[in-house]
Amino acid sequence: MNDRLLTHLRHVDLAVPDYPGQLAFYSGVWGLTKIAEDSGIAFLAAEGSPEQYIIRLRKAAEKRLDLVSFGAASDADVDALAGRLTAAGVRLVSQPGTLDTPGGGYGFRFFDIDGRTIEVSAGVQARYERHLGFRLSDTLTHPAMGEAMHFMRINAWHHSMAVAKGPHAALHHISFELRGIDEYMRGTGRLLRAGVEKIWGPGRHLAGNNTFSYFLDPHGNTVEYTTELEQIDEDTWHPHLYDFSRPEVADQWGTANVMNEFVASRSFNDPDKGVFVAPPV
């Protein structure tokens, strides 16, 4: 029986006070394309992705992570996962049904243990013609922290999500994959020339073997350009323990600025408040 019902990461939804500034950043220097906008909500797509959108921005009084959306292979898998979560006592935000976001589809939403909203969907129309089942890929350790970060996968790509220790529950970063080293370096250079604050990089991580350049968006969310993420043989793969205090684990190339407490603190982000509570009327 296949208990891995998720297939990939679809999109991340952000609420931001400076909506025009965030929209200008992501549709300008960051390189996404605005495909729809209405009443303070914008949907942004990536040229190399078949997903209808990968970032949704919403104008709001407070900065927050609105939602993280994952894909499933079929409506039946969506129903099966909803049933599995309900049986485990997980609170559903909505029952499986038709979605009214771009591309449609069939899905449901639930709260994770920190009160954030997670969506699972199937049957979402592609832009082109053509319990959750995560598996552990690798773990970063540190002498002062013990196990510091777990890389989790839902397919043969090394990771689709990572869970890390931090001072509070928060979105750490969103990663955007580019189509090769040249595009990655040109994108990194474009952001540097535009004066966007770089936190860390360029370099290449050991876990996942992917390149990295981390920047701050106008609201202080950490966003990453990357490429060449490792694909693994899931039948033979065994998770590693990597000591993150070793320089070659953080950056194989040795080209990035040194990872230190200052760099780490810049990417902690603001505390995520979890469940959305509507203001009194």
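The values are calculated or read from the model by the stated rules, or taken from the named source; none is laboratory data. Predicted model, so just to flag it, every value in this text is computed and none were measured. Note that each Cβ is placed from the backbone with ideal geometry, even for glycine, and that neighbours are counted across all protein chains shown. Note: accessible area is taken over every heavy atom of the protein model, side chains too, but ligands, DNA and RNA are not part of it. Shrake-Rupley method; radii C 1.70, N 1.55, O 1.52, S 1.80 Å.
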**Fill in**
Expected vector for region 141-157, Karplus 3J(HN,Hα) from phi with 6.51, -1.76, 1.60 and θ = phi - 60°, integer Hz, x for Gly and Pro, equals 10, 8, x, 8, 10, x, 6, 9, 7, 10, 8, 10, 10, 10, 7, 6, 5
**Request:** Could you pull out every one of the lysines with an alpha carbon less than 16 Å from that of Lys34, ignoring same-chain neighbours closer than 8 positions?
**Result:** Lys59
**Prompt:** Add -39500 (n - 2.57) for each DSSP H run of 4 or more in the chain, then divide by its residues: what number comes out at 222 nm, to the nearest 500 deg cm²/dmol?
**Reply:** -4500 deg cm²/dmol
**Fill in**
region 190-220 and region 14-29 have their Cα centres apart by a whole-number Å value of 18 Å
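Taking the Cα centre of region 120-248 as origin, work out the dipole magnitude from +1 charges on Lys and Arg Cβ and -1 charges on Asp and Glu Cβ, in debye rounded to 20.
Values: 12 positive and 16 negative charges, 85 e Å.
Using Cβ point charges on Lys, Arg, Asp and Glu, region 120-248 gives about 400 debye.
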**Request:** Rank-order 167-174, 206-213, 48-55 by packing density, defined as the average count of other C-beta atoms within 10 Å over each peptide's residues, highest first.
**Result:** 206-213, 48-55, 167-174
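For region 222-263, with only Lys/Arg (+1) and Asp/Glu (-1) charged at the beta-carbon, what is the dipole magnitude about the Cα centre, in debye rounded to 20?
Values: 1 positive and 10 negative charges, 51 e Å.
Roughly 240 debye for region 222-263.
Taking the Cα centre as origin and putting +1 on Lys and Arg beta-carbons and -1 on Asp and Glu beta-carbons, what dipole magnitude results for region 1-61, to the nearest 20 debye?
Working: 6 positive and 7 negative charges, 15 e Å.
The dipole magnitude comes to about 80 debye.
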**Request:** Positive end of the charge dipole of the chain (Lys, Arg +1 and Asp, Glu -1 on Cβ, about the Cα centre): tell me which of Ala45, Ala60, Ser265 has its Cα farthest that way.
**Result:** Ala60
**Fill in**
A correct Karplus calculation of ³J(HN,Hα) over region 221-229, with 6.51 cos²θ - 1.76 cosθ + 1.60, θ = phi - 60°, whole Hz and x for Gly and Pro, returns 6, 7, 10, 10, 8, 8, 7, 6, 4
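Of Trp30, Trp157, which has the most accessible area with a 1.4 Å probe, and how do the rest follow in descending order? All intermediate terms of the calculation are to be shown ahead of the outcome.
Details: Trp30 5, Trp157 90 Å².
Sorted descending by solvent-accessible area, the residues read Trp157, Trp30.
Net charge near Met145, counting Lys/Arg +1 and Asp/Glu -1 over other residues with Cβ under 13 Å of its Cβ? It would help to have the intermediate numbers written out before the result.
Working: positive: Lys165; negative: Glu147, Asp243, Glu261.
After counting each charged neighbour, the total is -2.
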**Relative contact order (%) - criterion: Cα under 8 Å, at least six apart; region: region 19-125** = 21 percent
**Fill in**
Between the residues Val163, Gln125, Ile113, the Cα farthest towards the positive end of the dipole of region 105-171, that dipole coming from +1 and -1 charges on the beta-carbon of Lys, Arg, Asp and Glu, is from Gln125
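Could you tell me whether region 15-80 comes out rounded, prolate or oblate from its Cα gyration tensor? Rule is a ≥ b ≥ c as square roots of the eigenvalues, rounded for a/c under 1.5, then prolate if a/b exceeds b/c, otherwise oblate. Before the final figure, lay out the partial values.
Working: a/c = 2.72, a/b = 1.55, b/c = 1.76.
The shape class here is oblate.
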**Fill in**
Residues meeting the amide H criterion for Phe70 (H placed from the backbone, H to H distance under 5 Å, 5 or more places apart or on another chain) are Arg10, Glu119, Val120, Ser121
**Asked** Rounded to the nearest whole Å², what accessible area per residue is found for the chain with the 1.4 Å probe?
**Response** 50 Å²
**Per-residue ³J(HN,Hα) for region 91-102, Karplus 6.51 cos²θ - 1.76 cosθ + 1.60, θ = phi - 60°, Hz, x for Gly and Pro** = 7, 8, 7, 8, 6, x, x, 5, 8, 10, 8, x
**Other-chain or far-sequence residues with amide H under 5 Å of Ala148's (modelled H)** = Leu140, Thr141, His142
**Asked** Which percent of the accessible heavy-atom area of the chain goes to carbon and sulfur, probe 1.4 angstrom?
**Response** 55 percent
**Complete:** If amide H atoms are modeled at 1.01 Å from N in the peptide plane, then the residues at a separation of 5 or more from Thr227, or on another chain, having amide H under 5 Å from its own are Leu178, Thr211
